[in-house]
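Structure, as structure tokens:
The values are calculated or read from the model by the stated rules, or taken from the named source; none is laboratory data. It should be emphasised that the depicted structure is a prediction, and the values quoted were computed from it without experimental measurement. Virtual Cβ from ideal backbone geometry, glycine too; neighbours counted across all protein chains shown.
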Amino acid sequence: MASAMNGCGGGGGGGGGGVMKRMGLLRVQYYCVMGFVAAAVVLATLRYMPAPATAPPTVDGGGATVRSSAATVDSAAAAAAAAPGGGGVERGKGKRKHVWSGEEEEVAAEKKAAAGVVVFNFGDSNSDTGGVAAVMGIHIAAPEGRAYFHHPTGRLSDGRVILDFICESLNTHHLSPFMRPLGADYNNGVNFAIAGSTATPGETTFSLDVQLDQFIFFKERCLESIERGEDAPIDSKGFENALYTMDIGHNDLMGVLHLSYDEILRKLPPIVAEIRKAIETLHKNGAKKFWIHGTGALGCLPQKLATRGEIDRDLDEHGCITRINNVAKRFNKLLSETCDDLRLQFASSTIVFVDMFAIKYDLVANHTKHDCRAPLIYRSSTEFSQESVRSLKKQKAKFIRS
Ligand SMILES: *[C@@H]1O[C@H](CO)[C@@H](O)[C@H](O)[C@H]1NC(C)=O
């Protein structure tokens, strides 16, 4: 984790890709901070993570509510196992505790533990583990892969993305992208996330509805294989007990930020409705455990700060664009309410909403606490670009040497 944070002070940072057509323009400086953001966000996710319980585990906006200060990396696993019908094995720090007895079950539990928790993820660059690189046949430029993997992996980060840390906390390996042609292992689930994707259908090639179709395609092929007596990476129990994670909406919001504030607010409900539809579709397909990320502090993105115009002159106390952060907060409020609503509707499901805004805003506001040097976003855009270019050159040289 420490390595993922190295050099974060020099990077520009960014909360993930733009829309697909802008992929080629994605600037190198976004990647550097992505690694540290991923690392620190996971730390923060775990800190802010609501205690897994039968009560609706929502973390509310503003970052004020910290339900479980004692949360450790194991709580994600516990949350995953908390839903009714969830596995009978609790993963402790390295040791497993069986919550039922009986040898047969124990053997089955051991087997299941060996296979790991199954995760299906849907999203954009915030959780892409190589999808866009595979499907577009592109190389993500350095410093991608620098901080942790030491080789390109197709992540829009120099380290791991949040999803990687979630998988690690669940004792399961990093998710393979759905369209990776070589070396994919789907025994612990599939990552359908593609950088640049929107929740809104048709706006991007791999919008959320398409990712859902891909999931259903995958599930049907698995069950078909099993019916024929062949092997499949995941069986029906695996699908039923899997954790379904979603981190999307970032690019939809990016696409409407040029509008007036009132116009933007009118665009939010249809975006959230798409995420709701996706959760409902998964639920119809037997999914019971959901882990839904809200959007980040988009008004703090260096990309936005470096290119801000007249409309976004107003900066808050931490140097972030107030108007854009308000949009992000409104979006998260709607999504959180949607999760509340779905929780009532799907009584036997567990739906966790994670307030990413609070987590990522904390990274900016309390950057020193997270081992990040003076964030460049505090400065004017000219200073930002000159200094970040200098710093990136230095980092790139170091990267090439290492
Ligand atoms: C910064 O950290 C302090 C102390 O942990 C906390 O109270 C505060 O809410 C944080 N600020 C933000 C914006 O998250």
In the stretch 346-375, how many are among the hydrophobic types (A, V, I, L, M, F, W, C) and assigned to a loop (DSSP other than H, G, I, E, B)?
4
If K304 meets every condition in (1) modelled with pLDDT of 95 or more; (2) in a helix (DSSP H, G or I); (3) out of contact with any Ser or Thr (no Cβ under 9 Å at 6 or more places or on another chain) apart from one, which number is that one?
(1)
Restricting attention to the stretch 305-320, report how many residues are more than 16 Å from Y261 (Cα to Cα) and away from the ligand (no atom under 16 Å from the Cβ).
3
Does H293 satisfy being of a type outside the set (S, T, N, Q), within 14 Å of the ligand (Cβ to nearest atom), modelled with pLDDT of 90 or more and in contact with a helix residue (DSSP H, G or I) (Cβ under 9 Å, 6 or more places away or on another chain)?
no
With respect to L163, is the statement that it is within 20 Å of A287 (Cβ to Cβ) and touching a strand residue (DSSP E or B) at 6+ places or on another chain (Cβ under 6 Å) true?
yes
Within the stretch 245-266, residues assigned to a helix (DSSP H, G or I), farther than 22 Å from A193 by Cα and in contact with a helix residue (DSSP H, G or I) (Cβ under 8 Å, 6 or more places away or on another chain) come out as Y261, I264, L265
I'm checking my understanding of the structure. Among residues of the stretch 199-220 that are out of contact with any Asp or Glu (no Cβ under 9 Å at 6 or more places or on another chain) and free of Cβ contacts under 8 Å to residues at least 60 places away in the same chain, which one is surrounded by the most Cβ atoms within 10 Å (Cβ to Cβ)?
F218
Name the residues in the stretch 96-147 that are at pLDDT below 90 and of a type in the set (A, V, I, L, M, F, W, C), would you?
V99, W100, V107, A108, A109, A113, A114, A115, A141, A142
Within the set of pairs 6 or more residues apart or between chains, which connect a residue that is more than 8 Å from the ligand (Cβ to nearest atom) inside the stretch 359-371 to a residue that is among the acidic types (D, E) with Cβ atoms less than 9 Å apart?
H370/D362
Looking at the stretch 336-350, can you tell me whether even one residue there is among the polar types (S, T, N, Q), crowded, with 23+ Cβ neighbours inside 10 Å, closer than 30 Å to N241 by Cβ and more than 16 Å from the ligand (Cβ to nearest atom)?
yes
